Structure formats: C-alpha cells, structure tokens
1. Might you let me know whether segment 137-147 holds any residue that is open to solvent by 70 Å² or more (accessible area, probe 1.4 Å), modelled with pLDDT under 95 and touching a strand residue (DSSP E or B) at 6+ places or on another chain (Cβ under 9 Å)?
2. Hey, among the residues in segment 81-100 that are under 13 Å from the mean Cα position of the chain (by Cα) and either in a loop (DSSP other than H, G, I, E, B) or not β-branched (Val, Ile, Thr) (or both), which one's nearest to Pro68 (Cα to Cα)?
3. Identify all residues within segment 117-131 that are closer than 16 Å to Ser92 by Cβ and open to solvent by 10 Å² or more (accessible area, probe 1.4 Å); write none if there are none.
4. Tally the residues that are at pLDDT below 95, open to solvent by 40 Å² or more (accessible area, probe 1.4 Å) and touching a Pro at 6+ places or on another chain (Cβ under 9 Å), restricting the search to segment 154-184.
5. Please indicate, with yes or no, whether at least one residue in segment 48-65 is among the basic types (Lys, Arg), open to solvent by 50 Å² or more (accessible area, probe 1.4 Å) and closer than 13 Å to Val127 by Cβ.
6. What pairs can you find where one residue is in segment 27-55 and over 25 Å from Leu162 (Cα atoms) and among the aliphatic types (A, V, I, L, M), the other is modelled with pLDDT of 90 or more and open to solvent by 50 Å² or more (accessible area, probe 1.4 Å), and their Cβ atoms are less than 6 Å apart, with a gap of 6+ or different chains?
7. Given (1) part of a loop (DSSP other than H, G, I, E, B); (2) open to solvent by less than 10 Å² (accessible area, probe 1.4 Å), identify the lone condition not met by Ser112.
8. Tell me which residues, restricted to segment 133-164, are under 24 Å from Phe35 (Cα atoms), free of Cβ contacts under 8 Å to residues at least 40 places away in the same chain and in a loop (DSSP other than H, G, I, E, B).
Amino acid sequence: MKSVILSSVLPVAVAVAAPFGLVEKAFGAEPDKQFFQSVEGKWVGPGEIVAGKYKGTKFTCSFDGSTPDGKTGMTLDGGCRVGMFTQKMSASVERKGRDGYKGNFMGGAAGSGLDIIGGNVVDAHKVVFTINRKQLRGVMQARIPDDNSMTVTVAVRVDEQLVPVIGMSLKRVDAVEVGSITPN
C-alpha cells in the first residue's frame, strides 16, 4: 500500500517544483510564525490523487500538527487510509538560517519520500515549499483560509508545467479557543 500511495505522490510532486526566491521582507518572520502556529493541533479529512497512474484514488488522513521549540517550522505527522490499509505520512520543515526552509516529506529522498529544499511563507495563511527527488521536481502548498480548515496540494513539474497530483481538505478536530464566556 505504501508503494501505491508513494508512486502516486511522487509523479505529482515532481511536476509542481519550481524555484522560489527566499528574499526575506522586513518583519518577514512574523507571518512565518503565525502560519506555523496555526498548523498546531489535530487535523482530519479526505484527499484524492488527481493525476498519474492512481488518479481517482480517494483516501482519508489524520495528522497532528506541531511546531519545534525555539525554531521556525512545523511537523504534520499521522497517516492516510485507503480502504483497510493505512500509510504513515509525515512532513517536517524548519528554517535553516539563510538557507531558507529545509525538511522532508515521507522520510526524504534518502528514504521513500521527497526532500523539501526551499520555499517561503507567502502570508499568514499560505506556504509553498519546493520539493525534489532525483529528477522529480515539484511544490507542496498548504493554505489555511480560516482557523478550522487547511488545504494541502502537491504538484510536480511535467515538461514546463506544474501538474497537481494530490489534494487534501483537512478540518481541525481539536478544541480551538476562540473566545471566552464570562460566568454568571
């Protein structure tokens, strides 16, 4: 099952890869921290392979989002289920000084996944990372339009075009404190 999901993800991830400038704006770290803190918590939801050999395969994922102590970055750790099979899935990224963001998806290219070799936080609601594995180039994008939803898209470069291969729509399932009620 692992190879089925992975073989579906890798071709898509390659098509989306593109170089991104890592020019940091004044006060650029604040949107980064806001974005990564908004990932913290439990997330569940459906996904689908939208291109490649396994196009149309639907799955359900569950992730725990966390941020590293004292560093700028995030980890999404959990798994995705197709039928009665579950595949462990994880992505981890940290800011590495002037080198920008570095990390891995599914253990990195040394294992059965992809390396995260760069990227940037577009704003407090969106991040785009450059991913690769040998000749496979692509991007992984996460967007958090509100406090309780996140979309993740993995795309790969095919010829000169980025082609989405995986899409996920996740909802927050942990308790989020949005305000307080004064006791009577």
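The values are calculated or read from the model by the stated rules, or taken from the named source; none is laboratory data. Remember, predicted model here, so these are calculated numbers, not experimental data. Quick reminder, even Gly has a Cβ in these numbers, built from the backbone with ideal geometry, and neighbours come from all protein chains shown. Areas reflect the complete protein model, heavy atoms only, side chains present, ligands, DNA and RNA absent. Shrake-Rupley method; radii C 1.70, N 1.55, O 1.52, S 1.80 Å.
1. Checked against the condition, which is being open to solvent by 70 Å² or more (accessible area, probe 1.4 Å), modelled with pLDDT under 95 and touching a strand residue (DSSP E or B) at 6+ places or on another chain (Cβ under 9 Å), segment 137-147 yields at least one hit.
2. Among those that are under 13 Å from the mean Cα position of the chain (by Cα) and either in a loop (DSSP other than H, G, I, E, B) or not β-branched (Val, Ile, Thr) (or both), it is Glu94.
3. Within segment 117-131, the subset closer than 16 Å to Ser92 by Cβ is 117-119, 121, 127, 129-131.
Result: Ile117, Val121, Thr130.
4. Number satisfying all stated conditions: 2.
5. Going through segment 48-65, the residues among the basic types (Lys, Arg) turn out to be 53, 55, 58.
In the following step, the residues that additionally are open to solvent by 50 Å² or more (accessible area, probe 1.4 Å) were identified as 53, 55, 58.
After this cut, where a residue has to be closer than 13 Å to Val127 by Cβ as well, the list is none.
The answer is no, given that none of the residues of segment 48-65 is among the basic types (Lys, Arg), open to solvent by 50 Å² or more (accessible area, probe 1.4 Å) and closer than 13 Å to Val127 by Cβ.
6. Val44/Ser62; Val44/Val173
7. The number of the failed condition is (2).
8. Correct list: Asn148 only.
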